[in-house]
Structure formats: structure tokens, C-alpha cells
1. Quick one: compute the contact order of the chain, relative version, from alpha carbon pairs under 8 angstrom and 6+ residues apart, as a percent.
2. I need the chymotrypsin sites (Phe, Trp or Tyr not before Pro) found in the stretch 14-110, filtered to DSSP loop residues with at most 10 other beta carbons within 10 Å of theirs.
3. Identify the GluC sites (Glu not before Pro) of the stretch 37-112 meeting these criteria: DSSP loop state and at most 13 other C-beta atoms within 10 Å of the C-beta.
4. Which trypsin sites (Lys or Arg not before Pro) in the stretch 1-90 sit in a loop by DSSP (not H, G, I, E or B) and have at most 10 other Cβ atoms within 10 Å of their own Cβ?
5. With log10 I(q)/I(0) by the Debye sum over Cα atoms at q = 0.16, 0.18, 0.19, 0.20 Å⁻¹ defined as stated, name the option among (i) -0.74, -0.92, -1.01, -1.10; (ii) -0.89, -1.06, -1.13, -1.18; (iii) -0.76, -0.84, -0.89, -0.94 computed from the structure displayed.
6. Order the following by accessible area, largest value first: VAL57, VAL75. Probe radius 1.4 Å; ligands, DNA and RNA are ignored.
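The values are calculated or read from the model by the stated rules, or taken from the named source; none is laboratory data. Being a predicted model, the structure only gives us computed values, none of them experimental. Using ideal geometry, Cβ is built from the backbone for each residue, glycine included, and neighbour counts are taken over all protein chains shown. Surface accessibility is based on the protein's heavy atoms, side chains included, excluding ligands, DNA and RNA. Shrake-Rupley method; radii C 1.70, N 1.55, O 1.52, S 1.80 Å.
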Amino acid sequence: AGIGKCVAMDLARRNARTILACRSRERGQAAVEEIRAATGNPAVLLRLLDTSSLASVRAFASAVLREEPRLDVLVNNAGVTGLPFAITSEGLEQTFATNYLGPFLLTNLLLG
């Protein structure tokens, strides 16, 4: 939703192979279908990613590096605000993990 979806729509309109990294399979698949229909680009894909989980970030990055011959653009757009204090299963504060640690790790893992 929001800025991330608009960016994905624009990239798909330019015929870019576009991977949507989403926490929710249902919402992500709906966005993929909407973008494909609006752009006519069948190369819009869904991959699950929860940036609050470093294990999820590592699995996502590993899959991208294994499946994609190259990566030209990375848009780190995930973020949360106003959540009550919570600790992730990995012992990290949830907002900090989601907004900073996860995207930082993802970027560094995808640098190759």
C-alpha cells in the first residue's frame, strides 16, 4: 500500500521485473494482481518478507540472490510507527528491528 505500491507500479510500467516483498501473502498477492492488470507486466512477483525478523531477511536475501541474475534497484520502504513496545522472537525491539536493523541487513546481504 502507499508509497511502496506506487513505486512498484511505476517500475512495472517501465517493464521492470518487480518483486514485492510483503509480510502478508493475501495483501501482497492482491497488490501483485492489481499491478499486473494495470501495467500489463506479468513479471511482477510476490516474495514474503518481515523486516522485523532477521531470519526472514536472511531467507529473503538468500532466495533473491539464488533466483535473480541481477538486482538493479532496491527500495527499502517498510516501516512501522506507533506500535506498543514489543520484543521480537530474536530479542530485538520490534520498531527498531523493522525500521532499521532489517533494512540495513537486507541491503548489506544483497550487495553481493
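1. 25 percent
2. PHE85
3. For GluC sites (Glu not before Pro) across the stretch 37-112 that sit outside H, G, I, E and B with at most 13 neighbouring Cβ atoms in 10 Å, the list reads GLU90.
4. ARG14, ARG70
5. (i)
6. My answer, sorted largest first, is VAL75, VAL57.
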